[in-house]
1. For the stretch 13-41, how many residues meet the condition of being farther than 30 Å from residue 101 by Cβ, within 14 Å of the chain's Cα centre (by Cα) and in contact (Cβ under 8 Å) with a residue 12 or more places away in the chain?
2. Which of the residues belonging to the stretch 70-99 are among the hydrophobic types (A, V, I, L, M, F, W, C) and under 12 Å from residue 142 (Cα atoms)?
3. Looking at the structure I just gave you, is residue 98 closer than 20 Å to residue 30 by Cα and modelled with pLDDT of 85 or more?
4. Has the stretch 116-134 got any residue that is modelled with pLDDT under 80, outside the structural domain of residue 36 (by the TED database) and out of contact with any Pro (no Cβ under 7 Å at 6 or more places or on another chain)?
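The values are calculated or read from the model by the stated rules, or taken from the named source; none is laboratory data. What you see is a predicted model; the values in this text were computed from it and never measured. FYI the Cβ positions are ideal-geometry reconstructions off the backbone, even for glycines, and counts take in every protein chain you see.
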Amino acid sequence: STYVCRVITSLLYAFDTTLLPLLSIANFGWITIKNVHNIHTRTHIASRFEATAVRTRTSGTSRQVPQSTKLKRHLLKMLIVQVLLLFLFTAPHTIQQLYLTFVPNTPEQPLHNAIDKLIYDSFSLLTFIASGMPFYIYTIISGTIFRKTLLSLFKTSISKTGMS
């Protein structure tokens, strides 16, 4: 009964901390990318229709609408990096948890227990790092838009608190 409970707990932990977040982020990220693509497609069609109407009234040149392919590639790259890093940061802890569950208990050896504890604590820290990882992904990979917005937020916060 205790072993069965431990196995179920470890499997649920593996699902809740690794598989469910990975699947959720990948699914919602893909849906977001498709939505951005659909919005750009609708905007592009509306702009072309407007440009055609303007061109028929005047002989001016029509403006070019930027392609959404670059944006889609950039969003897809960010999504893939986020999913891969989340997997790399959470999977070791889950694997170690499953290892402790399925490997039979060995006799008490202080060195072996200390090594197991060190590995477990190190992998736990990786799991906590995964929680703060999206901020760094957006800051490093997103280009200047996120960084400019973040700096603007800091400047606004500093000016409101009177720290300048």
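1. Of the residues in that region, 4 qualify.
2. Answer for the stretch 70-99, where residues must be among the hydrophobic types (A, V, I, L, M, F, W, C) and under 12 Å from residue 142 (Cα atoms): 71, 75, 76, 78, 79, 81.
3. It is false that residue 98 is closer than 20 Å to residue 30 by Cα and modelled with pLDDT of 85 or more.
4. No; the residues of the stretch 116-134 include none that is modelled with pLDDT under 80, outside the structural domain of residue 36 (by the TED database) and out of contact with any Pro (no Cβ under 7 Å at 6 or more places or on another chain).
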